[in-house]
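Below is one structure; the comments refer to it alone.
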Amino acid sequence: ADELDPYSVEVLLYIADIQYWARDYEASLQYLDRAWELSPGFIDNLYYRARAFGALGREQEAVQAWQQMHSLLGNYQLAAAFEGLSVDELYRTLLDFLLSQDEPFFGPGDLAPLYGELGEREKALELLEEAFSTHEDPSRNAGHKFIFLNVDPAYEELRTESRFQDLLRRMNLTE
């Protein structure tokens, strides 16, 4: 796809996403860099960049990407609140912010990966179950896509949980 349309930001982001799910975070960042050159300030790029940096343990760069993303979204106070935080502290701050909203834009399927990243298995499972049982639309924002549930690094600690395996079966996402 990249060879057919090397100037498509969407194609580059898609390939970066695939590299991320495959745990090749450096390759993911290379595609994200190319997409950034074509379309600086693209929010989805910053989201994927933040997660890849976090997965690589490059906390300062991850936090900077989260800050830049939230600044572009107009969440200036939140972006400022991320200053000097670790990625785990940032996730906690982000969760507090998202849960404090009067009309939450994010549903349980969007919050679950944050809890998964924090190692809060029970809460992540609870939210995934809720998202599935309510038929939450997984495509309403870039934060979470159910089709990648089985490979998302955010759920690494859940892979052996029987409830997680049962959820994957009910979603027809088993091998």
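The values are calculated or read from the model by the stated rules, or taken from the named source; none is laboratory data. Note that the structure is a prediction, hence the values are computed from the model and not measured. Note: ideal-geometry Cβ built from the backbone for every residue, glycine included; neighbour counts use all protein chains shown. The accessibility values were calculated without ligands, DNA or RNA, using every heavy atom of the protein model including side chains. Shrake-Rupley method; radii C 1.70, N 1.55, O 1.52, S 1.80 Å.
Odds and ends about this structure:
- Accessible area in square angstrom per residue, the chain, 1.4 angstrom probe: 54
- Longest stretch of the chain clear of exposed loop sites (chymotrypsin sites (Phe, Trp or Tyr not before Pro), DSSP loop, at most 16 other Cβ atoms within 10 Å, sites excluded): 8-104.
- Spacing of the two label points (7 Å from each Cα toward its C-beta) at residue 43 and residue 76, in nm: 1.8
- Hull volume per residue, based on the alpha-carbon atoms of region 8-48 and their convex hull, is 49 Å³.
- Area accessible to solvent at residue 171, 1.4 Å probe radius, in Å²: 40
- With the convex hull drawn over the C-alpha atoms of the chain, the volume per residue is 121 Å³.
- Backbone HN-Hα couplings from phi across region 46-63 [Karplus 6.51/-1.76/1.60, Hz, Gly and Pro as x]: 5, 4, 5, 4, 4, 5, 5, 4, x, 5, 7, x, 8, 4, 4, 5, 5, 4
- Fluctuation leader among 99, 114, 32 - the chain, Gaussian network, Cα springs under 10 angstrom: 99
- Region 32-175, accessible surface, carbon-and-sulfur percent (1.4 angstrom probe): 49
- Per-residue ³J(HN,Hα) for region 154-163, Karplus 6.51 cos²θ - 1.76 cosθ + 1.60, θ = phi - 60°, Hz, x for Gly and Pro: 4, 9, 3, 6, 8, 3, 8, 5, 5, 5
- Taken along the Cα-to-beta-carbon direction at a fixed 7 Å, the label points for residue 26 and residue 151 span 2.0 nm.
- FRET E, pair residue 8, residue 173, Förster distance 30 Å, beta-carbon r, rounded to 0.05: 0.60
- Cut-off under 5 Å, modelled amide H: who pairs with residue 107 long-range: none
- Protein-only accessible surface order, largest first, of 72, 125 at 1.4 Å: 72, 125
- Efficiency of FRET from Cβ geometry, residue 18 and residue 130, R₀ 22 Å, rounded to 0.05: 0.20
- Legend: residues 49, 34, sorted from most to least accessible area (1.4 Å probe; ligands, DNA and RNA excluded), read 34, 49.
- Largest-first ordering by accessible area, 1.4 Å probe, given options 100, 71: 100, 71
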